[in-house]
DNA sequence: GTGGTCTAGACCACA
DNA sequence: GTGGTCTAGACCACA
């Protein structure tokens, strides 16, 4: 018996993990958006990153190369990789990421049969709950 | 090749794929919530599911067994597996799944530096956009 | 060789061996009830148990996982499995196990045609005999 | 890796199923004790029994042979196997079986840490419960 | 055909 | 070292 992917036909597909190089890019995008990394900052060398993350240097290289294509960073040979992003570009990415987060949320909620109004209500509940937790901690 | 899994230290962690057996459970939960499966319905046999999804029957069995522990289904040896869930239990799962979807959304938005008010605004934008798309289609 | 498993009809059934994973669970339940294992104790790792019992680690894992579902133990990845049971839960299991032992006894005695009064008498005989054996040993 | 029984040492042993030929003997003993089979009755031929129980004829033969050794039955070549047991012998078996049932029960209860008095009390509970169930059914 | 148990073993994350 | 997931496949009872 085998359950090979090669037969073709109407197989169901399981969600795979997001590729590591994309996870690396996402991580940097978040740092940029949160201001933890700013224009001109030097980021980890590919080798350093690969060691810290215990991942394949080639994977890191792919991530860095794509970030360069996206105009997020610039690599100077012999010196390293530096943040290099225009403020408007940053704002664009911020909007893009927020958009995909919320769109995913809405589409999943609708797939569960929730109406728009229910989604609003549930969002409020979560926001209020989060506040109460903080308040509790303060007390 | 390995990249120092044995060195110890503060490695970064990447998101892994959700285990297949849990993806199977999630899929059934969604079908239950959306009413595509109802009390008494026979679900795919373990072998059928394994063939369709091209996965190992043992993996499917684990999913089905856990669904039985969760009181979602009942299994009759030699006959198959049947939906068996109390309406209140169903409502509970619906709330649970909705909660985790929205909580994930909120925590990611906050990690991107969005305030609660901004989250509300962006949600509205997405909801309105969705409607416009529908309207556009109609026209 | 086969003896007509495919003919259908009213075959007699023989008792099968209790599944190994259930025997493992029973063993642990007994140790908990007798106080040989207490709250917080680390139990054998899955591999250790499998080696000692010369069984497959997967079988042990199934037993441990079900014990976790029953809230008898808690598992910490990379560390091991630990007893974690509330006293009331322990008392429940004690009652449950005692109940099934005595119910089995009573049903078998009745199947042999013994009346309730005869069962009581025979129980007394066995209890008294047991005591005499002890007394004999002392002498 | 293998988990072979051939290494020797302090392996735990799991309970195996009671051998089928003994289960066959037990079944006949019970029928004799309950009076469902009496002196002179013809029992199933070995071939018939093997078919009904879907078991190996050799297994049935072993059971019948041992029953003959125990003086429970007699086989007449060309005619079949017949119950052939003295009333005192029957009474002996009855006592023997009852004894082993109750001894097993007592030893298991003591292994669970129950005192003799507790065993008596629990027996009463089960006997009383059984009666109530019957009463409920009548109503 | 259905589900249930078990073995054997690969590969992984976590510590 | 720990547990977690998954595959592959044998063999079984039940219908």
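Values in this text are rule-based calculations from the coordinates and carry no lab data. Quantities reported herein were computed from a predicted structural model and do not represent experimental measurements. Using ideal geometry, Cβ is built from the backbone for each residue, glycine included, and neighbour counts are taken over all protein chains shown.
Counting only C-alpha contacts under 8 Å and six or more residues apart, can you give the relative contact order of the stretch D:20-85 as a whole percent?
Once normalised by length, the contact order is 38 percent.
Note on residue D:65 and residue B:45: with the Förster distance fixed at 56 Å, the Cβ-Cβ geometry gives a FRET efficiency of about 0.80.
Residue ranges D:36-49, A:53-66 sort as A:53-66, D:36-49 when ordered by packing (mean number of other C-beta atoms within 10 Å per residue, highest first). Distances between copies of residue D:103, taken at a point 7 Å out from Cα along the Cα→Cβ vector and listed shortest first: 2.7, 5.7, 7.7 nm. Annotation for the stretch D:12-56 versus the stretch B:105-135: alpha-carbon center distance of 73 Å. For chain D, the Cα gyration tensor yields ellipsoid semi-axes of 33, 28, 16 Å (square root of five times each eigenvalue, largest first, whole Å).
Over the whole of B:114-127, what's the average partner chain Cβ count within 10 Å per residue? Rounded to a whole number, please.
5
For peptide D:65-78, the mean count of partner chain Cβ atoms within 10 Å of a residue's Cβ comes to 0.
Residue A:36 label point (Cα plus 7 Å toward Cβ) to equivalent points in the other copies: 3.7, 5.1, 7.3 nm, shortest first. Hydrodynamic analysis of the protein assembly as shown uses the Kirkwood radius over alpha carbon pairs. Inserted into Stokes-Einstein at 25 °C and 0.890 mPa s, it gives a translational diffusion coefficient of 79 µm²/s.
What sits nearest the axis between copies B and C, counting only chain B Cβ atoms, is the residue and whole-Å distance B:69, 3. Per-residue shielding of A:34-40, expressed as the average number of other chain Cβ atoms within 10 Å of the residue Cβ, stands at 1.
With label points set 7 Å from Cα along Cα→Cβ, the inter-copy distances at residue A:58 are 3.1, 3.2, 5.9 nm, sorted shortest first.
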